[in-house]
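Working notes, beginning with the structure itself.
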Amino acid sequence: MTTYEIAPERAALHGSFSREVPPVLTIDPGDTVRYQTLDAAWNVAPRRSRVPAEQPRKFAPRDLERDSGHALCGPVAIRGAVPGMTLAVRIDAVRPAAWGWTSAGGWESRVNARLGVVQIAERMHLWELDADTQIARNQDGFTVPLRPFMGVMGMPPDEPGWHSTTPPRIWGGNIDCRELVAGSTLYLPIPVAGALFSVGDGHAAQGDGEVSCTAIECPMIRVELTFDLLPDLRLTTPRAHTPAGWLTLGFHEDLHEASMIALNAMLDLMGEQYGLSRQDALTLASVAVDLRVTQLVNGGVLGAHALLPHGRLTPP
């Protein structure tokens, strides 16, 4: 197996999902790619001011049409990948750089409108990140533990044109699930030949929901992913095996429907794992599965995930 490296250079960066973006790299199943990534906002220097209008230096040059979304690295093509297969993405390492930022309010969104902060000036928090002690500290002295993961991991729709990086889709994208830390494997249905996988939107820490629309947004100095193909696993929504447990994801404009998609997929998973009927799986899910809000803020497409923690359900 081979390990490749991708740096955030012009040839490897894009801000839209599209099957028309040529792969920056073609690998074999079982190969590993080691990435460095920008933060989601294309910053190449840390923010020094809490005033949102005082922007740090951005990556250049950029195509304002095709690079309008998150700064993504890739795409990577996997030999032999065809639509209908499942792409397994093993997350081997995620290490943040030394700085990050979070903001809230000051712009139109459903959450901001409901909480009354649209007309209030956007508030910026600046964070110092210590990957060795796993602590983030903001400018006011508040600290939170680091739990780094990548917000965007996914593939483009099998449709022409350029597609926003903001909403999550069944092929991945802006999932923003805080459980997808190092040690996890994410399973995604493949929509296009070669898979054309991209990654970006590093988060040093985030709560379930990502309620302000930002986590601790940060560049990553090392993201190590190993790719494999599962030809016989047919999925209709992503699932993952994480240090916390098995989880299934659902995306929809309605949070209840997103929850039902995630729960339905969990019943399928429990049937596969334990040989359960649908009724038995649902009965056991009611006492063993946690149904959580993944995110509330991604382009009108909300996310939920069903989590079956390791060790909570013991078979006979």
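The values are calculated or read from the model by the stated rules, or taken from the named source; none is laboratory data. Small disclaimer: the values here were computed from a predicted structure and weren't measured. Cβ coordinates were reconstructed from backbone atoms using ideal geometry, including for glycine residues, and neighbour counts include every protein chain displayed. Only protein heavy atoms, including side chains, enter the accessible area calculation; ligands, DNA and RNA are left aside. Shrake-Rupley method; radii C 1.70, N 1.55, O 1.52, S 1.80 Å.
About the centre of its Cα atoms, segment 1-88 shows a dipole size close to 360 debye [charges on the beta carbon of Lys, Arg (+1) and Asp, Glu (-1) only; nearest 20 debye]. Please report the spacing between the Cα centers of segment 203-231 and segment 117-150 in Å, no decimals. Taking the Cα centre of segment 117-150 as reference, the centre of segment 203-231 is 15 Å away.
Which shape class applies to segment 164-316: rounded if a/c is under 1.5, otherwise prolate when a/b exceeds b/c and oblate if not, where a ≥ b ≥ c are the square roots of the Cα gyration tensor eigenvalues? Judged from the Cα gyration tensor, segment 164-316 comes out prolate (a/c at least 1.5, a/b above b/c).
Ranking GLY116, PRO157, GLY84 by how far each Cα lies toward the positive end of the dipole of the chain (charges on Cβ) leaves GLY116 at the top.
Sparse packing (at most 13 other Cβ atoms within 10 Å of the Cβ) combined with a DSSP loop state is found for the following GluC sites (Glu not before Pro) in segment 81-150: GLU108. Here is the list for segment 252-316: GluC sites (Glu not before Pro) lying in DSSP coil, each with at most 12 other C-beta atoms within 10 angstrom of its C-beta, are GLU253. Normalised per residue, the accessible area of segment 220-316 is 47 Å², obtained with a 1.4 Å probe and no contribution from ligands, DNA or RNA. Shape analysis of segment 157-209 based on the Cα gyration tensor places the equivalent ellipsoid semi-axes at 22, 14, 9 Å, largest first. Neighbours of ILE221, meaning other residues whose beta-carbon lies under 14 angstrom from its beta-carbon, give a summed charge of -2 when Lys and Arg score +1 and Asp and Glu score -1. Set against the 2.2 N^0.38 Å expectation for a compact globular protein, segment 19-133 has a Cα radius of gyration ratio of 1.38.
A cut-off under 13 angstrom between Cβ atoms defines the neighbours of THR242, and their net charge, with Lys, Arg +1 and Asp, Glu -1, is +3.
When the accessible area of the chain is computed with all protein chains present and a 1.4 Å probe, what percentage of it is carbon and sulfur?
With neighbouring chains kept in place, the figure for the chain is 54 percent.
Per residue, the Cα convex hull of segment 73-200 amounts to 137 Å³.
Write out the chymotrypsin sites (Phe, Trp or Tyr not before Pro) in segment 111-173 meeting two conditions: DSSP loop, and at most 13 other Cβ atoms within 10 Å of their Cβ.
Hits after loop and neighbour filter: PHE142.
In plain terms, the chain is cut at each of the trypsin sites (Lys or Arg not before Pro) found in a DSSP loop with at most 16 other Cβ atoms within 10 Å, and the longest leftover piece is 80-233.
Given the -39500 (n - 2.57) contribution per DSSP H run of 4+ residues, what per-residue ellipticity at 222 nm results for the chain, rounded to the nearest 500 deg cm²/dmol? Result for the chain: -3500 deg cm²/dmol, rounded to the nearest 500.
Shape analysis of the chain yields a ratio of the Cα radius of gyration to the Kirkwood radius, Rg/Rh, of 0.96.
Summed over the residues of segment 1-126 and divided among them, the accessible surface reaches 50 Å² per residue at a probe radius of 1.4 Å.
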